[in-house]
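Before any comments, here is the structure.
The values are calculated or read from the model by the stated rules, or taken from the named source; none is laboratory data. Fair warning: this is a prediction, and the values are worked out from it, not measured in the lab. Here Cβ is always computed from backbone atoms with ideal geometry, including for glycine, and neighbour counts include all displayed protein chains. Keep in mind that these areas ignore ligands, DNA and RNA; they rest on the heavy atoms of the full protein, side chains included. Shrake-Rupley method; radii C 1.70, N 1.55, O 1.52, S 1.80 Å.
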Amino acid sequence: MHISEGVLSGPVLISGAVLAVAGTAIGLKKLDYDRIAKAGMLAATFFVASLIHVPIGPTNAHLVLNGIVGLLLGWAAFPVILAAVLLQAVLFQFGGITTLGINTTIMALPAVGTYLLFGPFVHKKRSIALAAAFGCGALSVLLSGILVALALIFTEENFFEIAGIAVAAHIPVMIIEGLVTALCVAFLRKVQPEMLPGYRNPS
């Protein structure tokens, strides 16, 4: 969902940068020392998942995995996604430096939102937890697609058709991301439930 440079208006770019800076500041403040290794691992996973992408006008469709990143890191998803997006822009010219803020916001804001919405349910009974995990993965992609559409529409009304295509193109990605997130949560519930939000040691 990287938006290329030279597409968005100044106010949209500035708004995205401000939100990215604020979210990153909160995320760094909430990132405990013992979670830095996990944050690095998830940054690498996010980085690799986005490498295979399909261009759609000024944006593109690809696996995002922001749902699982948000679920495991909460607000720390902001600095993690920022680092990954920066490396993608510098190494592979996905997005760009001027769009770094808005691209980070597009993917990190839904990650945090779905974490707050679905995080409390991942330690409930299995059916509820997996449904919540699927919703987290799918909704995070949908919200990212909507943010891409809004960024394009607020730049120029002529982008309305492209914005609709961008959202529609991510419907299959939503389903895949929902399934991947559900599988990850099911696995972590068995082998390392403390990685999931809201874990309480039964002892």
Residue among ALA22, ALA17 that alone is assigned to a helix (DSSP H, G or I) and in contact with a Gly (Cβ under 9 Å, 6 or more places away or on another chain): ALA17
Residue count, region 90-119 (criterion: open to solvent by 10 Å² or more (accessible area, probe 1.4 Å) and aliphatic (A, V, I, L, M)): 8
Need pairs with beta-carbon distance below 7 Å; first residue small (Gly, Ala, Ser) and within region 113-124, second surrounded by fewer than 24 Cβ atoms within 10 Å (Cβ to Cβ); sequence gap 6+ or separate chains. GLY113/LEU143; GLY119/PRO197; GLY119/GLY198
Any residue that is closer than 14 Å to GLY178 by Cβ and either part of a helix (DSSP H, G or I) or aliphatic (A, V, I, L, M) (or both) - is there at least one of those in region 69-83? yes
Pull out all pairs, ordered by first then second residue, where Cβ-Cβ is under 8 Å, the residues are six or more apart or on different chains, the first lies in region 154-180 and is closer than 22 Å to LEU71 by Cβ and open to solvent by less than 40 Å² (accessible area, probe 1.4 Å), and the second is modelled with pLDDT under 80 and of a type in the set (Gly, Ala, Ser). HIS170/ALA61; VAL173/ALA61
Any chance LEU147 is surrounded by fewer than 24 Cβ atoms within 10 Å (Cβ to Cβ), in contact (Cβ under 8 Å) with a residue 24 or more places away in the chain and not charged (D, E, K, R): yes
